[in-house]
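Asker: Handing you this structure, nothing more for now.
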Amino acid sequence: MHSTRLYINDRLDAFGAEDVEALIAGFPAWRQAYVRKIKNANARKESAAAFALLHRALKKDFGIAEFRFAYHTQGKPHLESHPEIHFNLSHCRKAVACAIGNRPVGIDIEVLGRYKRSLAEYTMNEDEMREILSADDTCRNGFSERDVVFTTFWTRKEAFAKLIGEGISTNVRDILCECMDIAFTTRVEKEKGYVLTVAERKTT
């Protein structure tokens, strides 16, 4: 049976430097080394929180306490000793997210408030731009409905690119035209300031 589980930690604001160090101390040595190489404090916190989410989920819900990452040709990580389990991680300033299941999955999470018309015109096709520009651009709480629509499209593009293991830089404007067999699940958390999308292939 196809089943994907979603895990979210959207309380990163409460994480201080000591909390991050405590998380890292509980990681396997190979992941500790990876995270400690990250110089930017916010990036280190996001990476640590995302891995901690995966680590806890695998132990609690799948009975996997020890694992290592291996990487596909295009760089997408998978569990070296558990090819039957698929996962994907994403993080942003507001939250981290992890999707785990028995089929390939892609996930992306982005903060609201990033919309710029120049960026949208570079990354969106004509139909997407039409929908974005038709949304209200009145800014409330740091973002507008136009920003919500833009960010929703963006997370779908990223999630799909991560599902298939390719970078979003290739054919970014029309990448969603290739998604007829893809199911997207999007959560818009306005009060918490982020949008999250999970991408999976449709089951028949």
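The values are calculated or read from the model by the stated rules, or taken from the named source; none is laboratory data. All values derive from a computational prediction rather than experimental measurement. All Cβ positions, glycine included, derive from the backbone under ideal geometry; neighbour counts span all protein chains shown. In case anyone asks, the SASA skips ligands and DNA or RNA and just uses the protein heavy atoms, side chains included. Shrake-Rupley method; radii C 1.70, N 1.55, O 1.52, S 1.80 Å.
Asker: Rounded, prolate or oblate: which fits segment 51-112, taking a ≥ b ≥ c as square roots of the Cα gyration tensor eigenvalues, rounded meaning a/c under 1.5, else prolate when a/b beats b/c?
Answerer: In terms of gyration-tensor shape, oblate.
Asker: In the structure shown, do any of Lys45/Lys162; Lys76/Lys190; Lys39/Lys157; Lys39/Lys76 have a Cα-Cα gap over 26 Å, and if so which? Mind showing how you got there, number by number?
Answerer: Values: Lys45/Lys162 22 Å; Lys76/Lys190 29 Å; Lys39/Lys157 28 Å; Lys39/Lys76 22 Å.
Flagged as over cut-off: Lys76/Lys190; Lys39/Lys157.
Asker: Taking all protein chains in place and a 1.4 Å probe, what share, in percent, of the accessible surface of segment 125-166 do carbon and sulfur account for? Walk me through the numbers before you get to the answer.
Answerer: Working: 820 of 1950 Å².
Carbon plus sulfur share of accessible area: 42 percent.
Asker: Toward the positive end of the charge dipole of the chain, about the Cα centre and with charges on Cβ (Lys, Arg +1; Asp, Glu -1), which of Ile132, Leu176, Ile24 goes farthest?
Answerer: Of the listed residues, the answer is Ile24.
Asker: Hey, another quick one. Whole percent per 5 Å bin, from 0 to the bin with the longest distance: what is P(r) over all C-alpha pairs of segment 111-177?
Answerer: Reading the bins upward from 0: 4, 19, 29, 23, 15, 8, 3, 0.
Asker: Over 29 Å between Cα atoms: which of Lys116/Lys202; Lys116/Lys192; Lys37/Lys202; Lys60/Lys116 fall into that group?
Answerer: Those over the limit are Lys116/Lys202; Lys37/Lys202; Lys60/Lys116.
Asker: Next up: Going by accessible area, probe 1.4 Å, with all protein chains left in place, what is the ranking of Lys59, Lys202, Lys37, largest first?
Answerer: Result, largest first: Lys37, Lys59, Lys202.
Asker: Okay, moving on. Placing +1 at every Lys and Arg Cβ and -1 at every Asp and Glu Cβ, with all other atoms neutral, what dipole size does the chain have around its Cα centre, in debye to the nearest 20?
Answerer: That gives a dipole near 620 debye.
Asker: Can you pull out the GluC sites (Glu not before Pro) in segment 47-122 whose DSSP state is coil and whose Cβ has at most 15 other Cβ atoms within 10 Å?
Answerer: Glu66, Glu80, Glu84
Asker: A further question follows. Given the chain reduced to its alpha-carbon atoms as identical point scatterers, what log10 I(q)/I(0) does the Debye formula return at q = 0.10, 0.12, 0.13, 0.19 Å⁻¹?
Answerer: Taking Cα atoms of the chain as identical point scatterers yields -0.45, -0.65, -0.76, -1.42.
Asker: Could I ask something else about it? Just to confirm a number: summing +1 for Lys and Arg and -1 for Asp and Glu over residues other than Lys162 whose beta-carbon lies under 12 angstrom from that of Lys162, what do you get?
Answerer: Taking every Cβ under 12 Å from that of Lys162, the sum is -1.
Asker: If contacts are Cα pairs under 8 angstrom and at least 6 residues apart, what is the relative contact order of segment 1-82 in percent?
Answerer: 23
Asker: Over the C-alpha atoms of segment 86-204, what are the Rg and the largest Cα-to-Cα span, Dmax, in Å?
Answerer: 13.9, 42
Asker: Using the charge dipole of the chain (Lys, Arg: +1 at Cβ; Asp, Glu: -1 at Cβ; taken about the Cα centre), state which of Ala70, Phe143, Ala199 has its Cα farthest towards the positive end.
Answerer: Sorting the options by dipole projection puts first Ala70.
Asker: Could you work out the per residue convex hull volume over the alpha carbons of segment 21-142, in cubic angstrom?
Answerer: 169
Asker: Excluding Val195 itself, what net charge comes from residues whose Cβ is under 14 Å from its Cβ, given Lys and Arg +1 and Asp and Glu -1?
Answerer: Details: positive: Arg93, Lys94, Arg114, Arg146, Arg156, Lys157, Arg187, Lys190, Lys192; negative: Asp10, Asp108, Glu110, Glu145, Asp147, Glu158, Glu189, Glu191.
The answer is +1.
Asker: Whole-Hz ³J(HN,Hα) for each residue in segment 78-94, computed from phi via Karplus 6.51 cos²θ - 1.76 cosθ + 1.60 with θ = phi - 60°, x for glycine and proline: what do you get?
Answerer: 8, 7, 4, 9, 9, x, 7, 10, 10, 8, 8, 10, 8, 8, 8, 4, 8
Asker: Determine the relative contact order of the chain: mean sequence separation of Cα pairs under 8 Å and six or more apart, normalised by residue count, in whole percent.
Answerer: 20
Asker: As a test of the formula, what do you get for the chain when each DSSP H run with n ≥ 4 contributes -39,500 (n - 2.57) and the sum is divided by the residue count, at 222 nm and rounded to the nearest 500 deg cm²/dmol?
Answerer: Value at 222 nm, helices only, nearest 500: -11500 deg cm²/dmol.
Asker: Which FRET efficiency value, to the nearest 0.05, is calculated for Ala41 and Ala65 with the Förster distance at 22 angstrom and r the Cβ-Cβ distance?
Answerer: 0.15
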